[in-house]
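Novice: Quick one: this structure, given as structure tokens, is what I'll be asking you about.
The values are calculated or read from the model by the stated rules, or taken from the named source; none is laboratory data. Source: prediction; values computed, not measured. Keep in mind that these areas ignore ligands, DNA and RNA; they rest on the heavy atoms of the full protein, side chains included. Shrake-Rupley method; radii C 1.70, N 1.55, O 1.52, S 1.80 Å.
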Amino acid sequence: MPYTSPSSAATSPSTTASLPPMSSGTGNHNDNARHERGARMLARVDGPAGLAVVEQLAQSFPDFARLLLEFPFGDIYSRPALGLRERELATVAALCAMGHALPQLRVHVHAALHVGCSPEEIVEVVMQMAVYAGFPAALNALGVVREVFAASGIALPLSAGGQADKDEAPSTAA
């Protein structure tokens with residue numbers, strides 16, 4: 001049965017998809033609201049590709065697919081203090097630092113581009129992780145970034161983003 005978000009179906013075709021049934025939980029209004037909010041947020045973050053991942057997961061593991069919609073997207077991504085760009089940059093950094101979540105990193109580099117992060121911002125976040133997560137984690141992540149950029153038509157190398165004429169510390173003045 002296709003899922004259509006009541007508030008956004010008319011304005012965004014990417015929010016229409018067959019999503020996992022709510023086979024566990026209480027089935028009360030809060031569960032339904034979390035589920036619907038999560039599906040809407042996932043569509044905003046990942047577009048149709050994210051919904052397709054959840055649909056595929058739901059074929060074998062419907063309860064996990066439901067949790068994936070409800071907790072990260074329905075509860076966390078929906079919080080107002082950070083925008084989607086900031087959340088995706090933080091997610092790219094965390095997945096890079098983990099060092100063993102390259103498939104998820106691939107999804108979130110795509111998502112970062114989808115929500116408006118620039119290629120330069122993504123590369124800088126990964127380079128920053130070399131300091132805290134180590135060069136192997138950053139090297140592996142840059143390999144993923146290269147693949148995603150190639151699939152997205154983004155040519156490498158990027159313009160001399162981080163180093164040219166920046167001998168001084170960054171200014172904090174507004």
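Novice: Can you sort 118, 159, 152 by solvent-accessible area, 1.4 Å probe, largest first?
Specialist: Values: 118 35, 159 90, 152 55 Å².
Of 118, 159, 152, the descending order of accessible area is 159, 152, 118.
Novice: For 129, 98, give the ranking by accessible area with the largest first, probe 1.4 Å. The partial results should precede the final answer.
Specialist: Working: 129 30, 98 95 Å².
Of 129, 98, the descending order of accessible area is 98, 129.
Novice: Express the carbon and sulfur contribution to the solvent-accessible surface of the range 36-140 as a percent, rounded to the nearest whole number, probe 1.4 angstrom.
Specialist: Answer for the range 36-140: carbon and sulfur cover 64 percent of the accessible area.
Novice: Please work out how much accessible surface residue 53 shows to a 1.4 Å probe, ignoring ligands, DNA and RNA, in Å² rounded to 10.
Specialist: Answer for residue 53: close to 80 Å² accessible.
Novice: Quick check for you: with a 1.4 Å probe and neighbouring chains kept, what is the accessible area per residue of the range 23-148, in Å²?
Specialist: Working: 6500 Å² over 126 residues.
About 52 Å² of surface per residue is accessible.
Novice: I'd like the accessible area for residue 31, computed on protein heavy atoms only with a 1.4 Å probe and all protein chains in place. Round to 10 Å², please.
Specialist: Accessible surface of residue 31 is approximately 20 Å².
Novice: Check which residues have an amide H placed less than 5 Å from residue 78's amide H, if you skip close sequence neighbours.
Specialist: none
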